[in-house]
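Remarks on the structure that follows.
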Amino acid sequence: MTAVAGSACFHCGEPIPAGLRIHARIDGREEAVCCHGCKAVAEFITGAGLDDYYKYRDASAARADEPPRSDRWSAYDRPELVERLTRAEPDGARSITVLLEGLRCSACSWLADKALHLQSGVLDVSVNPATARARLVWDPSRVKLGDLLRVLEHVGLRPHPLAGEPAEQLALLERRTALKRLAVAGFGMMQVMMFALPMYVGGMERGMHEFFRLVSMLVCVPVAIYSGWPFYVGAWHALKARSVSMDVPVSLGIIAAFVASVWNTLTGSGEVYYDSVTMFVFFLALGRYVEMVARHRAGSVADALARLAPVTARRLRGGQVEDVQAIELAVGDAILVRTGEVFPADGTVAAAADGRVDESMLTGESTAIAKGEGSVVHAGTQNLGAPLHVRVTAVAGNTVLAGIVALLERAQAERPRLARAADRAAAWFLSRILVGSALVFAAWWFVDPSRAFPATLAVLVVTCPCALSLATPAVIAAATADLARRGVLVAHSDAFEALAKASYVLWDKTGTLTRGLIRVEEIRALRDVPAEQCFKLAAALERLSEHPIAKAFLASEASGATASEASIVAGAGLEGTVEGRRLRIGTREFAAAMGTAGTSIPGESSDGQASSWVFLGDPGGLLAAFRLTDPLRAEAAGCVGELAALGLPSAIVSGDAEAPVAGVAARSGIERFTSRLTPQSKVDELQRLQAAGNVVIAIGDGINDAPLLRGADVAIAMGRGSALAQTSADLILVRDSLDQLPGVVLLARRAQRIVRQNLAWSIAYNLAALPLAALGFVPAWLAAIGMSLSSVLVVLNATRVARGAGRAARARWTDPTPAGAA
């Protein structure tokens, strides 16, 4: 049966506006609802196996998008707010990163993932409990952002869009609340232990003994209820979704011990466990607090970057300067950035000026960069020179700064392969804990009923696999944050595992081993067209390219004609029409393919130690040859040498001619190189190395490097490389320097060692603690300490990843002198 528009909403019972057709699929049938909010909630309820709610309810639910109190999530449906908070994805999708308040373990992240994937229009969800961040990708034509945020709140995880709310304030509020609960638990534990000690010693009159039990109960009440409340809430939401989280056995243990103690106190019989309850809650709260601090520290880098851009800007209109919100800026606006101010958006300098810009907050480069007319400036950087008039080219989520933050947040939201495996193991283990606890109780009931409850309580508490679920993400989050501070962005967290196992490095030449500051040193006209005219024709073609070679032609030919009907042939060159003339620029073979091969260039094959040749051709043959030079990076030889010392040999795969490639290889200390390679040939070379058992790092910067980077085990892109190369990369060197690479490899290897240590400790602890607790050798208070300390140990061990990665790496990261400069 299918309801029609105009009837009552299946979920809330309110009338459905005429002409509106939104349906929720309930038990295989379509039910009409009044809004997307009711659709999301109804489908979640039935999808989670709670459809009996609709059978036994005695009244309609509140409307999902219009609850009795103000609904803050409706504001996130406004197009202007969506544009500001989210980033554009392929095929019209949008993405956002949110901070999830109340996310504590891998089961919580599973619950969020399941709830969101039940919504139509959700394309991808990545949730990381180590950073409490979730990255959502959805189709805005099928589901609204407000609906997704509302669903997260519905399952007990209050979302905070990081671009819309100051994450620092949220973290401060979370810390304060956690400290209050921890303080109550700590004071309660000390007081209960004071009362418990005389009862353990004995020799006390019965009346005083009962009095101490009663006072202990009163002290334990705020600890069990107030300090333990977050565990109960987490367990309740997990059980509502028919799943088992870490909070379930924890809550069962606390509630069972507390209820049994209260009952025995009021009846005057049996044992009481107030000391165990208070210690359990205190050490659990302490462990959660340590985890929270580590999580905040891991997310602080992205939050700090996001705060770089100012909230206001000075817009120029009609010759007047007006102060506006930065979010009001649009592409094409003219803004004024005075000395000492921070750029609110990306743009280009619109008028001649003596500008100097501090880009250290984005690239780590300590020296101010000179900026003149036409120079590119970025949001978050600081103007140290004369006031600059800037034409805005990108705002809000489309700036370079926003892209860096998005990459970092994506890495922090992702779950590495090892973490996903640990999550599956923890989820399997949790369900077995509950079954095992029941078996332990039954076994002890037949052996010694008085020990059945203490043993069961110890099993529930001591075996909670919190440490197992934190073992990997805590390390990856710490390593990602540390690299970001040093100018290396991790786009994919799985890169750490592959980087630690890497055995070979493939280098691109231009813009990677060389600085990419290519200059046209010589122009040789090969036909009757003047050299100056040939240069203008070449510049018209190169204006369409992002390859470093294009900059050599545009540096002195910033304006002029642009080619039409253009196409880029990766690894060969460009073809297009300029002033009615069909032209090609690139390799000799590519340029000459339109006509005759033309004459050879004197010195073309022997002049390659510091230069290479680019050719311009038309249907009549070759028109001109351009000799280009590109200086080697000062740090290249030192970086290659240090990688070799780490057991990583190098090879160059380049599309350039043999002579210039050989020159760069000789000066950088690389013995093996291949030249004149197409993008596919580079991939073939990569696959040959991989087939021989190598784990290959590929480093490049251009469009023609994208296939190589996409196929590599670890892809590293230069910070000033093409957007396509960066999209294919696992790591991005924001400082556009190679001197960090040896340290990155050392850090990845250290991270993997610490991950293995954490996993080994977590597994060994659970395997050892379970039989001891089941046999009755572990009292409840000791179980609480053991479980909490195991989690704290894992988190504290994870913070070691950024320390001690080697003196050489630390010296390289902190010494401003480039490697090899000496």
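The values are calculated or read from the model by the stated rules, or taken from the named source; none is laboratory data. Everything quoted here is computed from the prediction, not taken from an experiment. Cβ coordinates were reconstructed from backbone atoms using ideal geometry, including for glycine residues, and neighbour counts include every protein chain displayed. What goes into the accessible areas is simple: the full protein's heavy atoms, side chains included, and nothing from ligands, DNA or RNA. Shrake-Rupley method; radii C 1.70, N 1.55, O 1.52, S 1.80 Å.
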Exercise. Measuring from label point to label point, each 7 Å out along Cα→Cβ, what is the Ala531 to Met208 span in nm?
Worked result: 10.8 nm
Seminar exercise, completed: Counting only protein heavy atoms and leaving out ligands, DNA and RNA, the solvent-accessible surface of Asp323 at a 1.4 Å probe, in Å² to the nearest 10, equals 120 Å²
Exercise. Accessible area, 1.4 Å probe, largest first: how do Arg588, Arg756, Arg133 sort?
Worked result: Arg756, Arg588, Arg133
Problem set entry | Formal net charge of residues neighbouring Ala783 (Cβ-Cβ distance under 15 Å; K, R +1; D, E -1) | 0
For this session: Go ahead and run the numbers for FRET between Gln320 and Lys551, Cβ-Cβ distance against an R0 of 56 Å, rounding to 0.05.
Result: 0.95
For this session: Ratio to report: Rg/Rh of the stretch 209-281, with Cα atoms as the point set and Rh obtained by the Kirkwood method; give two decimals.
Result: 1.04
Seminar exercise, completed: Simple spin-label estimate for Val221/Arg756, 7 Å along Cα→Cβ, in nm, reads 5.4 nm
Problem set entry | For Leu677, residues with placed amide H under 5 Å, excluding near neighbours | Ser654, Gly655, Asp656
For this session: Can you tell me the order of 453-463, 188-198, 528-538, 659-669 when each peptide is scored by its average per-residue count of other Cβ atoms within 10 angstrom, highest first?
Result: 453-463, 659-669, 188-198, 528-538
Exercise. Given the Cα-Cα distance of Arg582 and Ala645 and 0.36 nm per residue of separation, how much length would full extension add, in nm?
Worked result: 17.6 nm
Exercise. Which order, highest average first, do 634-643, 248-257 follow once you tally other Cβ atoms within 10 Å for each residue and take the mean per peptide?
Worked result: 248-257, 634-643
Exercise. Which net charge results when you count Lys and Arg as +1 and Asp and Glu as -1 among the other residues whose beta-carbon is under 13 Å from that of Val664?
Worked result: 0
Seminar exercise, completed: For Glu373, the net charge from surrounding residues (Cβ-Cβ under 11 Å; K, R +1; D, E -1) works out to +1
Problem set entry | the stretch 171-237 - Rg (one decimal) and Dmax (whole number), Cα, Å | 15.3, 50
For this session: Collect residues whose amide H, placed 1.01 Å from N in the peptide plane, falls under 5 Å from the amide H of Ile22; neighbours closer than 5 in sequence don't count.
Result: Val33
For this session: Would you please classify the overall shape of the stretch 722-791 from the alpha carbon gyration tensor, given that a ≥ b ≥ c denote the square roots of the eigenvalues, rounded means a/c under 1.5, and beyond that prolate means a/b larger than b/c while oblate covers the rest?
Result: prolate
For this session: For Thr339, enumerate residues with amide H under 5 Å from its amide H, sequence gap 5+ or separate chain, H modeled in the peptide plane.
Result: none
Problem set entry | For the stretch 118-159: rounded, prolate or oblate by the Cα gyration tensor [a/c cutoff 1.5] | oblate
